[in-house]
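The values are calculated or read from the model by the stated rules, or taken from the named source; none is laboratory data. Because the structure is a prediction, the values reported are computed rather than measured. Glycine gets a Cβ as well: all are built from the backbone with ideal geometry, and neighbour counts include every protein chain shown. Calculation scope for accessible area: heavy atoms of the full protein, side chains included, ligands and nucleic acids excluded. Shrake-Rupley method; radii C 1.70, N 1.55, O 1.52, S 1.80 Å.
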Amino acid sequence: MSKGDDDHDGDSESLEVARTTVPEHKESTFFRVTFKELLRAGKSAKVDVETVFTHHQTPYPATISQTEPQLVLYTGNVYFYSPYKTTSEKTVVKLSSSSIESYTKVKPVLQSESEITYGPYENTAPFTTEEMKVHCENNSPFLAVSSLRRLVEVSHWGNIAIEENVDIRHTGAILKGSFSRYEYQRDKSGANSVWSFKTLLPAAATDVYYRDEIGNISTSNLHELLDSVEVELRPRFPLFGGWKTNYLLGYNLPSYEYLFNDGDRYVLKIRFVDHIYDNQQIDQAYIRVILPEGAENIELKTPFKVVRGPDERHYTYLDYWGRPVITAYKSDLVEQHIQDFEVTNERNS
C-alpha cells in the first residue's frame, strides 16, 4: 500500500498495514492503515491499495469439451466496501475477453468491449454491498501451484544450490470426454489448455536442470536475459482442467551475491519464492535452508508473516555434527511475495 501527497505529484511512500476488526462486522476482514504524518482537517491524501485474490473465478460450466471455450463466473461487490461514507466512487471491471455472457446491472452501468464501468455513485453509506456477477469467456491459463517445496543449500565452497519440487495443476473447467492429441495438434483445440509456461531465475543461475520422476525433460528452452534467466518449461503433456503434474527444477548460484559476512557473522539474503509463471498463485510453500556445519545462533527474518517449522539436521559426506536446517511455511503466495528473506548465523573460524 502506498500514499501520494496531492501537493507533491509523483511522490509516494509505503504505509504500515495491519489486520484489525470491526465489532459489528466480524464476518469481514479489515485492515488499519497508519499514515506517517498526521492528516489535518481540510487536507487530503491519495492512497493506492492493491489487493490480490486467488481462486476467485469459478469455471461455469464446470466441465467443457476439448473444443469449447472456457466460461468463468466472477462474484464481487459493486461498491467500494468501506467503514466510511464514500462521497463519490466508480468501479471498473476489466476482462480478458469482450465475449460476455451476462453481468449485474446496477445503474448507471456501461459496457464497452472488454470493460464494464459501474457508477459514478454518490454518497455511498458505510458497509454498503451489492452483489456483482460477471459471466464471461476467459481462456487464460488457470494454473495453480498446489505445493512448492524449495530447498536452499549453502555450501562451504562458494556455492548455493537451489532445488524446487513443484506440484502444479490446472484449476479451470474440467475436460469432458477423452483427449485427442490429433485434434489438439491439427486444430489447435483446447483454448484453455496450458502447453508451456515461463519461469524466471536469477541472472546468475547456472547448471539448470528440469526433470520429473521419469527422468530429464528435454522439452524446455533456456534464454539468458539482462536481469534474469528465462526458462520455458513444457510438461510432457498439455494441461487441461483438472489435470496436474510434478517436476523438479534446480540450479546453482554464486554465494558471493547472496551471502555476506562481518567477521564470523554471516547473513544469507535470498528470495523466499521465485517467479514460476505470470500471475502465479501458490497454495502452500515449504522452504528448507541447509546451512554449513557449525552454524549457530541462527535467526530468520522475513518480509511477511510465515510459520517457522522445527529445526532439523542434514547429513552429507564427512559431516560429523550434521548441518543445521531451518524450515518455514507460508500459504497463499502471489507475485508480490517474491521478496528476499534473511538468515543470520555465526560460525567459528
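Give the cross-link partners of Lys94 among the lysines, using a straight C-alpha distance below 25 Å as the criterion and excluding same-chain residues fewer than 8 apart. Of all the lysines, those that pass the test against Lys94 - Cα under 25 Å, at least 8 places apart if same chain - are Lys3, Lys46, Lys105, Lys107, Lys133, Lys198.
Legend: residues Asp167, Asp340, Asp278, sorted from most to least accessible area (1.4 Å probe; ligands, DNA and RNA excluded), read Asp278, Asp340, Asp167. Label-to-label distance, Val267 versus Thr54, with points set 7 angstrom from Cα along the beta-carbon direction: 2.9 nm.
How much of the accessible area of region 1-126, probe 1.4 Å, is carbon plus sulfur, in whole percent? With neighbouring chains kept in place, the figure for region 1-126 is 48 percent. Placing unit charges on the Cβ atoms only, positive for Lys and Arg and negative for Asp and Glu, gives region 159-314 a dipole magnitude near 780 debye about its Cα centre. Remark: the chain carries a charge dipole of roughly 980 debye about the Cα centre, counting +1 on each Lys and Arg Cβ and -1 on each Asp and Glu Cβ. Per residue, the accessible area of the chain comes to 59 Å², computed with a 1.4 Å probe over protein heavy atoms only. Centre-to-centre separation between the Cα atoms of region 115-164 and those of region 291-349: 26 Å.
Remark: the Cα gyration tensor places region 114-254 in the oblate category, a/c being 1.5 or greater and a/b not exceeding b/c.
For the pair Phe237 and Asp187, the difference between a 0.36 nm per residue extended length and the Cα-Cα distance amounts to 16.3 nm.
One equal scatterer on each Cα of region 1-135, no solvent, Debye formula: the resulting log10 I(q)/I(0) at q = 0.14, 0.18 Å⁻¹ is -0.86, -1.22.
Classify region 41-120 as rounded, prolate or oblate, taking a ≥ b ≥ c as the square roots of the eigenvalues of its Cα gyration tensor: rounded when a/c is under 1.5, otherwise prolate if a/b is larger than b/c and oblate if not. It is prolate, given that a/c is not under 1.5 and a/b is the larger ratio. Counting only aspartates and glutamates at least 8 places from Lys269 when in the same chain, those with an alpha carbon closer than 16 Å to its own are Glu153, Glu257, Glu299, Asp340, Glu342, Glu346.
Values of log10 I(q)/I(0) for the chain across q = 0.12, 0.13, 0.15 Å⁻¹ run -1.10, -1.20, -1.34, by the Debye formula with one identical scatterer at each alpha carbon and no solvent. For region 185-290, a/c is not less than 1.5, where a ≥ b ≥ c are the root eigenvalues of the C-alpha gyration tensor, and a/b tops b/c. That puts it in the prolate class.
By the rule of a C-alpha distance below 13 Å, with chain neighbours fewer than 8 residues away ignored, the aspartates and glutamates paired with Lys85 are Glu122. Using R0 = 25 Å, the C-beta based FRET efficiency linking Lys133 and Ser82 works out to 0.75. These residues, Arg211, Arg313, go from largest to smallest accessible area, 1.4 Å probe, as Arg313, Arg211.
Split the accessible area of region 226-289 by element, probe 1.4 Å, and carbon with sulfur accounts for 46%.
Label-to-label distance for Ser44 and Val334 is 2.7 nm, based on points extended 7 Å past Cα in the beta-carbon direction.
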